[in-house]
Structures are given as structure tokens and as C-alpha cells.
Amino acid sequence: MKLALTKERKTPPDKRVVLSPEICKEALGLYPDLEIIAESSDIRIIPDKAYEKAGIKVTDDITDYEVILGVKEVPIDALIPNKKYFFFSHTFKKQPYNRKLLQAILAKNIELYDHEVITAQNNLRLIGFGYYAGIVGSYNGIRTYGLKYDLFEMPKSKDLPDKIALVNELHKINLPAIKIVLTGTGRVGNGAKEMLDAMYIKQVSVESFLTEEFDEPVYVQLDVLDYNRRTDGIQKDMFDFFDHPEEYNGDFKRFTQVADLFIAGHYHNDAAPDFYTLDETKDSKFNIKVVADISCDIGSPISSTLRASTIADPIYGYNPKTGEEVDYKIPTNIAVMAVDNLPAELPKDASDGFGEMFLEHVIPAFFDGDKNGILLRARMTQNGQLTERYKYLQDYVDGKE
């Protein structure tokens, strides 16, 4: 088995990598039949010389290698025909902006394995950068709050070397007695929670958050059943919500009336209820003035997320009366941080964590006959066709959707 780490070519550049030199060495020690090379890169957070020092060959030519590992989408003109590629293609939700990419992958007879659909048998994701998205998103949310109210200034996370440096910056500030609502209990939500805990912000129950006043900052972490209710009133578990989101009504309004800062770290199904709409933000009782939308689903389910923002310019304003983008510093407007590639702001930490998961869950599948179906479930294309699991994308590929 011959693996190649490709140079990231998407603009803006992404410094992350699937496998660090240390993970490469560990993988080679575990699997004697494995070969790994790295395509030379002046972008990667880990320099070429670090791979060479670890005994990994660095080259400009990876065409002889069977499997090519990347992070972001590979530009169409850089795709090598008849290879197996792993990267985030952003196509399995029928994203219009990547239709041509999936068409090219099929035309070039490429086997595409999307990181986002590498799952266990219960369909839960096995690898991802979500934990680091939560860490950076939580930091950025606190930073945004300080900037909106001119309380404090913090450096951008992209200008700091690692998670420890982010925590050190958070320790330098003093938050007023605000209420923070955090959605999500997965990797993203728990990454965000870790940063709030690192600030020694008190976690409180749903009931206390909704009914009590505090003389210190507090937060509540919500799972899906805290803000959704079945329409028939029957209480079931979260998996019922995941399987049948259309059978639920949203109940997030009660949190919007008491929270000051909303950190959105949930996974959202398009059939699930919205968190809040434009009409709801017009309500005089709507209290949220800062939103850190880590999930960044444009237009829905959070009406104030009008677009993805950028690492260079991460904050914009939302007028709750008109739904228009405005200056976030105006007191009546909502400040929105909606960067959609947050882990790229901590490229070294994110690469290390991702590589550990890839080594644990994916590389063994190359050598054990894929006994757990890891590769089978993640394989979107084969022999120039969509695989059975992804046939639902055919109309998208054909331009009919």
C-alpha cells in the first residue's frame, strides 16, 4: 500500500495535513507493507524538512502512488486520473459549488473517499476536525463579544501557535455576568465547552439558566432534546430526533430571551426545526447579541448567519429588524462570527489530532480487508460511477438539482 500526502492547493491556502511526520513513523512501524511519501509543499504547517528528518521521502511527483491523502478539495486540474483520493469534497449534501468537482472525479475514474462520511456501523463519524472547530469557535465567540462591546481585545487565533496559547489569552480577560448558550454535545460542542471550562466559567442547568440571575458569567450546554419537542408530546431519545427530525417542533426561543452569547456547535439536519427566524429576532424579548456559529449552515437554521465569514475578516453584523448585513458594533445589531474553516486557525494541533484518528480508524482498513466496512461506507465513487450508497447524488451530478 502506497500513500502520498498531497500539497493543499485550494485558495485561500490551508496549512493542515492528514498525517504528521510522527504519525507517519508510527504507521510505518505498525504496517511493514506500507509506504508513505509527502508531496513538497511551501504551504503546510509542517515543513518538508520535518518529514525528511522522520525518514519520509519528499518529492514533487506522486503519480506512482495509489492512494492520495488531502484535507480540502483538490482543484480539478490537479486531480490525477485512476487514483484513490481522500479529502473533504463537500459534495455529499449536493453543494452546488462543487458539482463540477464531482463530475470531474467521475470522468477521471477516481475513487473518492470523503473524510466526512468515514463512519462506524452506526453511521457516527469516526474522524474530523470538529473538536478543533469547537476550540477555535469558542475562543472567537469570546473575542467577538469583547470587540462588540469594547471590553477587551484579543489576538486572532490564527496568530497564536496552539490551544495552550488560546487558553492563556482567555485567562487575561474578565467577562461580565453574561449568559452563554452552547448547543452540541459532540466533538464540536465539547471542544467549545473545553474552552469555557478553561476560563472557569460556571456551567449551570437548563432550569437555572432560564430562571436565575447570576453575578458571574455562566453557560449551559444543550443537547437536541433541550430545544426540540416531539409534536405528539411523546418523549423519546436523541436518536429518534436524528431519525425523524420532521416530527419535532423547535423550543429554542426560551433561550434566546435570556442568553447574551450563542455558541452554535450542533449538527443540523435540513428537516429539523430552525433555532430562530428573522421574525423571532424582531421580538423585543430576543436578547442574543453575539453569535459564534461554528456549524455555519447558511440561511438556516440560524437566520443571522447570512454567509460564511473569513479568517481574515471573521465578524459581520446582522440587523434583527431587516435581516440585512450591517455594522456589528451598532448596539441593536447582532455580531456574527461564522468562519467555516475554523480548524485551519490551529493547523498543527488540528493535524496532529486528525492524524491520530486516521491512523486508528482508516489505515487498518487497508490491511484487514475492510472488515468493519470503513472504506465501503466512505467510498463515494468507483469505476467512473457513484457507488450504491451515494446514488442519490446522480441528479446532482447530472445538473438536474
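Only one of Asp251, Asp197 is acidic (Asp, Glu) and within 16 Å of Phe275 (Cβ to Cβ); which?
Just a single option satisfies the conditions, and that option is Asp251.
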**Report entry** Matching residues, segment 54-63, being assigned to a loop (DSSP other than H, G, I, E, B) and within 15 Å of Glu8 (Cα to Cα)
**Finding:** Asp60, Asp61, Ile62
Requested in this report: Mind counting the residues in segment 5-42 that are surrounded by 14 or more Cβ atoms within 10 Å (Cβ to Cβ), modelled with pLDDT of 95 or more and under 26 Å from Ala133 (Cβ atoms)?
Outcome: 20
Query raised in the report: Going by the structure shown, is Ala308 in contact with a Lys or Arg (Cβ under 9 Å, 6 or more places away or on another chain) and among the small types (Gly, Ala, Ser)?
Result: no
Query raised in the report: Looking at Glu8, Glu39, which one is assigned by TED's automatic domain parsing to the domain that holds His115, touching a Leu at 6+ places or on another chain (Cβ under 7 Å) and of a type outside the set (A, V, I, L, M, F, W, C)?
Result: Glu39
Query - Selection status of Glu73, touching a strand residue (DSSP E or B) at 6+ places or on another chain (Cβ under 7 Å), over 21 Å from Lys15 (Cβ atoms) and among the charged types (D, E, K, R) - result: no
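Answer yes or no: is there a residue in segment 30-42 that is within 26 Å of the chain's Cα centre (by Cα), free of Cβ contacts under 8 Å to residues at least 40 places away in the same chain and outside any strand (DSSP E or B). Even if it seems obvious, please write down each step before you answer.
Initial filter on segment 30-42 (within 26 Å of the chain's Cα centre (by Cα)): 38-39, 41-42.
Pick out the ones that are also free of Cβ contacts under 8 Å to residues at least 40 places away in the same chain and you get 38-39, 41-42.
Subset that is outside any strand (DSSP E or B): 41-42.
Within segment 30-42, one or more residues are within 26 Å of the chain's Cα centre (by Cα), free of Cβ contacts under 8 Å to residues at least 40 places away in the same chain and outside any strand (DSSP E or B).
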Query - segment 351-401, subset polar (S, T, N, Q) and more than 18 Å from Lys83 (Cα to Cα), residue surrounded by the most Cβ atoms within 10 Å (Cβ to Cβ) - result: Ser351
Report task. Name, by its number, the condition in (1) without any contact (Cβ under 8 Å) to a residue 24 or more places away in the chain; (2) over 27 Å from Asn228 (Cβ atoms) that does not hold for Asp352. Result -> (1)
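The values are calculated or read from the model by the stated rules, or taken from the named source; none is laboratory data. Keep in mind that what you see is a predicted model, and the values were worked out from it rather than measured. When we count neighbours, we look across all protein chains shown, and the Cβ atoms used for this are built from the backbone with ideal geometry, even at glycine.
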